[in-house]
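The values are calculated or read from the model by the stated rules, or taken from the named source; none is laboratory data. Note that this is a predicted model, so its numbers are computed, not measured. Because the Cβ atoms are built from the backbone with ideal geometry, glycine has one as well, and the counts that use them run over all protein chains shown. With ligands, DNA and RNA removed, areas are computed over all heavy atoms of the protein, side chains included. Shrake-Rupley method; radii C 1.70, N 1.55, O 1.52, S 1.80 Å.
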Amino acid sequence: MTEKYAVALGMFDGVHIGHKAVLEGAVKSPYRSVAVTFSSIPGKAEGALMTPREREEKLRSLGIDEVLFLNFFEVKDLSPTEFLGMLSEKYTIGKICCGFNYRFGKKAAGDTEFLRNWCNEKGTEFFECPEVVSEGKTVSSTYIKALIAEGKTEKAAELLGEPFSFAAEVVKGDQRGRTWGLPTINQLYPEGKVRPKNGVYQTVVEIRGKRYDGVTNIGLRPTFITDYISSETFILDYSDDCYGETVKTELYTFLREEKKFSSVDELIAAIKQNAEQVKMNSKK
């Protein structure tokens, strides 16, 4: 007998609390689950909350059995009926799950009503996740990206179910921090990810499976200006070398705006003050 699938439809960027409700409908079904999404969608200038790899890892961690990444350009001209026909050729569909505002097919002609009618005709289960609201706002990837761009990382973490993070290789910087007794790690901020507000954040960095509190400046470092977006982190209670390694940085609390200091001593004092803030916050 051919195995049936519960198909979860959506972009699932960030896999926020609204997405999780959709995915739960597939995972808790008696069928094998598959998330059908896109590797990317053109025109999203603000960047993504997650890379495709991060999304797949998160989806699988939530119990999704398979992840199908579709090429947007290969399916963008399919009608809603053709799109569902394409999925039916790949999977024997026992259930379809989606969010209340899901659109699909050429010119986004398909919606939840279309899906419901299609499922009724095919004798397929259908689950439409209702709108998820937080403080009067619809929870969406677009809303969460706006929060991150405004430095409201704590609210973003609440809606994501975890802190917003990025992973990037540690590269050699100018090594000024070492001469100040405040060694830092430098990372180029990943292209394609949503940009947090420039400034200083309380962070947690994960190195070789261990987690450390940190103070991270994201931006152009106005005291020693750069022409690219970088992440520079002073890691509390860490003095090892991790050049060339990929380190995950999680953003917790926005501590202050980026600022051009008049002297190195003033900058050092600010970093030490921020480190004390992080220590106090970590004890709460």
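At a glance:
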{"read-out": "Only one of 187, 202 that is in contact with a helix residue (DSSP H, G or I) (Cβ under 6 Å, 6 or more places away or on another chain), at pLDDT 90 or above and not in a loop (DSSP other than H, G, I, E, B)", "value": "202"}
{"read-out": "Residue in segment 108-162 that is nearest to the chain's Cα centre (by Cα), counting only those that are open to solvent by 70 Å² or more (accessible area, probe 1.4 Å) and polar (S, T, N, Q)", "value": "142"}
{"read-out": "Filter result (touching a Lys or Arg at 6+ places or on another chain (Cβ under 9 Å) and aromatic (Phe, Trp, Tyr)) within segment 56-98", "value": "69, 83, 91"}
{"read-out": "Residue list for segment 1-21, filter: farther than 17 Å from residue 90 by Cα, assigned to a loop (DSSP other than H, G, I, E, B) and open to solvent by 30 Å² or more (accessible area, probe 1.4 Å)", "value": "11"}
{"read-out": "Meets criteria (of a type outside the set (Asp, Glu), open to solvent by 20 Å² or more (accessible area, probe 1.4 Å), more than 30 Å from residue 150 (Cα to Cα) and modelled with pLDDT of 95 or more) for residue 28", "value": "yes"}
{"read-out": "Residues satisfying the stated conditions in segment 48-101, i.e. surrounded by fewer than 17 Cβ atoms within 10 Å (Cβ to Cβ) and acidic (Asp, Glu)", "value": "57, 65, 66, 74, 77, 82, 89"}
{"read-out": "Residue check for residue 15: under 16 Å from residue 139 (Cβ atoms) and touching a residue at least 24 places away in the same chain (Cβ under 8 Å)", "value": "yes"}
{"read-out": "Qualifying residue in segment 33-44 (condition: open to solvent by 20 Å² or more (accessible area, probe 1.4 Å), touching a helix residue (DSSP H, G or I) at 6+ places or on another chain (Cβ under 8 Å) and farther than 23 Å from residue 161 by Cβ)", "value": "yes"}
